[in-house]
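J.: Take a look at this one; I'll ask things after.
The values are calculated or read from the model by the stated rules, or taken from the named source; none is laboratory data. None of the values given here were measured: they were computed from a predicted structure. Don't worry about glycine lacking a Cβ; one is built from the backbone with ideal geometry, like all the others, and counts go over all protein chains shown. The area values use the complete protein model at the heavy-atom level, side chains included, leaving out ligands, DNA and RNA. Shrake-Rupley method; radii C 1.70, N 1.55, O 1.52, S 1.80 Å.
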Amino acid sequence: TMPNVFEANLATGTSGGGGPGSSGTYTPVVTRISNLNSAIAAECQWMRIGNSVVVSGVIELDVISSSGNTLTNCDISLPIPSAFFMPNNVAGNANAQTVSFPGQSAIIIGDTSNGQAQLQFIAGYTSSVIFSFVFTYLIV
């Protein structure tokens, strides 16, 4: 019988890129854009299938202001670089793990100027919140 090459590639995935069928872990660089004192990501997981990459992880954000329903956002670096040309080349969401903020969610889109994923939400509080996230992006 022929071995399943896809499964073999997943089992021997790398942590720094890799071809189709690879996977691994990385710690993304998080860049604060607006309304954040700090933003820290834990080690995240990624999996590449063809020209698509799925990323999941956890990020802690310390919000500055909640006045006027303030847009709050940050960029998350990618495990495999991509040159997005449309924000919808990245799609995902995040949900708060913090009990004091039930139902808080965020969207994740592509930051075309920086080639990174951008997490965005409207802050209704001023404190630290932990989000679990998942997004998919296209390698272009």
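J.: If the label point is 7 Å along Cα→Cβ of Asn95, which residues in the range 117-137 have backbone nitrogen under 16 Å from it?
T.: Of the residues in the range 117-137, 130-135 have backbone N under 16 Å from the label point off Asn95.
J.: Modelled label-to-label distance, Ser113 and Ser66, 7 Å Cα→beta-carbon offset: nm?
T.: Placing both labels 7 Å along Cα→Cβ, they lie 2.9 nm apart.
J.: Over the chain, what is the relative contact order in whole percent, taking alpha-carbon pairs under 8 Å and six or more residues apart?
T.: Over the chain, the number comes to 25 percent.
J.: Per residue, how much accessible surface does the chain expose to a 1.4 Å probe? Answer in Å², no decimals. Walk me through the intermediate numbers first.
T.: Details: 6970 Å² over 140 residues.
Each residue of the chain exposes 50 Å² on average to a 1.4 Å probe.
J.: Gly92: net charge of surrounding residues, Cβ under 14 Å, Lys/Arg +1, Asp/Glu -1, itself excluded?
T.: Cβ neighbours under 14 Å give a net charge of -2.
J.: Can you pull the percent of the chain's accessible area that's carbon plus sulfur, 1.4 Å probe, other chains left in place? List each step's numbers first, then the result.
T.: Details: 3960 of 6970 Å².
Carbon and sulfur atoms account for 57 percent of the accessible area of the chain.
J.: Could you work out [θ]222 nm for the chain from helices alone, using -39500 (n - 2.57) per DSSP H run of at least four and dividing by all its residues? Round to the nearest 500 deg cm²/dmol.
T.: The helix-only estimate for the chain comes to -1000 deg cm²/dmol at 222 nm.
J.: Oh, and also: Given a Förster distance of 22 angstrom, what is the FRET efficiency for Val134 paired with Thr27, based on the Cβ-Cβ distance and rounded to 0.05? Show your work: numbers first, answer last.
T.: Working: r = 17 Å, r/R0 = 0.75.
So, using R0 = 22 Å, E works out to roughly 0.85.
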